Amino acid sequence: MDELILEKTEDGSDTLFIPEMDEHYHSTKGALTETNYIFIEKGLLASTQKEVKVLEIGFGTGLNAIQTLKAAQENNIKVAFHTLELYPLTWGKLESLSYAEQPYYKEIHLAPWENLVEITPEFTIHKHQFDFTTLPTKDIGSAFNVIYFDAFAPEKQPNMWTQQLFNHLFGLLSDGGILTTYCAKGVIRRMLQEAGFKVERLPGPPNGKREILRATKF
Ligand SMILES: C[S@@+](CC[C@H](N)C(=O)[O-])C[C@H]1O[C@@H](n2cnc3c(N)ncnc32)[C@H](O)[C@@H]1O
């Protein structure tokens, strides 16, 4: 992932393109729109908790993280944000992104890995650097209220979208916990159901994908 190209998406926010994988970090229909709709509105804010423990699969540019911090401030909730990433991006690759100048974005990136860091009174972050496919052998805590499942597409990284991993994520959620993802493929929906989730197909983001998935543990 050495070569990354900054591209503007259709809502005016930026993403990164990886030529080697032919894959983007976000939807080309709108990076910010995707984050705000799929992960914030349908995930974080669908939780009824006032203190929400979030687990993100794929920290990437930190766009989901910064929008979660903002949503916590605006909605008077507290968020303990845990995120997994195998290939952390350097600040040099991020500083030109359209969202990089927002308050706290750089602090989130400079927060040391493997530490719990308080960024604001409403938002703590714990960044974990390891291979998600080894998650069943790790201890990153449990009783998460919301999981943002934001891996690269199943066609690009099928090993991130397996039955074993969805079974494990089901076990990490609290009762009533929610997993959201941009991917609405039938094969992924069936794996989530097999893991024990009740799965809804929701309309996709404005001007974006046709449908998304929200899986809930009852
Ligand atoms: C779609 S991007 C995530 C976008 C991110 N949520 C954001 O807000 O910018 C997928 C991320 O998964 C990471 N990734 C790829 N393989 C991984 C693995 N085996 N374990 C953990 N993270 C991985 C990639 O480096 C990339 O940052």
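Hey, fewest Cβ within 10 Å first, where do Tyr182, Tyr87 land in order? Don't jump to the answer; show the numbers that get you there.
On the way: Tyr182 23, Tyr87 10.
Final ranking by Cβ density, sparse to dense: Tyr87, Tyr182.
Which ³J(HN,Hα) values, rounded to whole Hz and listed in residue order, are derived for segment 194-205 from phi using the Karplus coefficients 6.51, -1.76 and 1.60 in 6.51 cos²θ - 1.76 cosθ + 1.60 with θ = phi - 60°, glycine and proline given as x?
Working through the residues one at a time gives 4, 6, x, 6, 8, 10, 10, 9, 10, x, x, x Hz.
Determine the equivalent ellipsoid of the chain by diagonalising the alpha-carbon gyration tensor, then write out the semi-axes as square roots of 5 times the eigenvalues, largest first, rounded to whole Å.
Details: eigenvalues 108, 84, 62 Å².
Semi-axes (√(5λ), whole Å): 23, 21, 18.
So what are the ³J(HN,Hα) numbers for segment 96-111, from phi and the Karplus equation (6.51, -1.76, 1.60; θ = phi - 60°), rounded to whole Hz, Gly and Pro as x?
Values per residue, Gly and Pro as x: 8, 5, 4, 9, 6, 8, 5, x, 6, 4, 5, 4, 4, 6, 7, 4 Hz.
Please list, by residue number, every one of the GluC sites (Glu not before Pro) in segment 155-218 that is coil in DSSP and has at most 11 other beta-carbon atoms within 10 Å.
Details: sites: Glu155, Glu194, Glu200, Glu211; in loops: Glu155.
Loop-located and lightly packed - Glu155.
Measure up Lys185/Lys217; Lys93/Lys217; Lys50/Lys138; Lys8/Lys78; Lys78/Lys138; Lys78/Lys185 against 29 Å on the Cα-Cα distance and list the ones that go over. Let's see the in-between values first.
Details: Lys185/Lys217 19 Å; Lys93/Lys217 37 Å; Lys50/Lys138 27 Å; Lys8/Lys78 31 Å; Lys78/Lys138 25 Å; Lys78/Lys185 32 Å.
Check vs 29 Å cut-off fails for Lys93/Lys217; Lys8/Lys78; Lys78/Lys185.
Counting only DSSP beta bridges with both residues in the chain, tell me the antiparallel percent, nearest 5.
45
To make sure I understand the rule: partners must be aspartates and glutamates, Cα under 20 Å from the Cα of Lys29, and not fewer than 8 residues away in the same chain. Which ones qualify?
Glu7, Glu10, Asp11, Asp14, Glu41, Asp150, Glu155, Glu211
Counting alpha carbon pairs within less than 8 Å and at least 6 residues apart, what relative contact order, in whole percent, applies to the chain? Can you show the working numbers first?
Numbers: 428 pairs, mean separation 41.9, N = 218.
Relative contact order here is 19 percent.
Sorted from fewest to most neighbouring beta carbons within 10 Å, what does the list Val146, Val199 look like? Walk me through the numbers on the way to the answer.
On the way: Val146 27, Val199 17.
Going from sparsest to densest Cβ surroundings: Val199, Val146.
Which order results if Lys138, Lys42 are arranged by neighbouring Cβ count within 10 Å, fewest first?
Values: Lys138 13, Lys42 21.
Fewest to most other Cβ atoms nearby, the residues stand as Lys138, Lys42.
Mean shadow of segment 19-109, computed from the convex hull of its alpha carbons, in nm²?
Numbers: hull surface 24.9 nm².
Its Cα hull, projected and averaged over all orientations, spans 6.2 nm².
Provide the per-residue ³J(HN,Hα) series for segment 82-92, in order, calculated from phi with Karplus coefficients 6.51, -1.76, 1.60 and θ = phi - 60°, each as a whole number of Hz, with x at glycine and proline positions.
10, 9, 10, 7, 9, 10, x, 8, 7, 4, x
Run the numbers for Thr162 and Asp2: contour at 0.36 nm per residue of separation, minus the present Cα-Cα distance, in nm. Please report the intermediate quantities before stating the final value.
Details: separation 160, 0.36 × 160 = 57.60 nm, distance 2.65 nm.
Value of the extension gain: 54.9 nm.
Gln129 versus Asn115, label points 7 Å from Cα toward the beta carbon: distance in nm?
Spacing of the two 7 Å Cα→Cβ label points: 1.3 nm.
Show me the GluC sites (Glu not before Pro) within segment 1-43 that DSSP assigns to loop and that have at most 14 other Cβ atoms within 10 Å of their Cβ.
Here the sparse-neighbourhood loop sites are Glu3, Glu10, Glu20.
Could you work out how far the C-alpha centroid of segment 4-65 sits from that of segment 136-169, in angstrom?
Comparing the Cα centres of segment 4-65 and segment 136-169, I get a distance of 16 Å.
DSSP loop GluC sites (Glu not before Pro) in segment 97-138 with at most 16 other Cβ atoms within 10 Å of their Cβ, which ones? Don't skip to the end; give the middle numbers.
Working: sites: Glu101, Glu107, Glu114, Glu118, Glu122; in loops: Glu101, Glu114, Glu122.
Those satisfying the criteria are Glu101, Glu114.
None of the figures in this text is laboratory data; all of them are computed from the coordinates on show. If you're wondering where the values come from, they're calculated on a predicted model, not measured in any experiment. Reconstructed Cβ throughout: ideal geometry from the backbone, glycine too, with neighbour counts over all protein chains shown.
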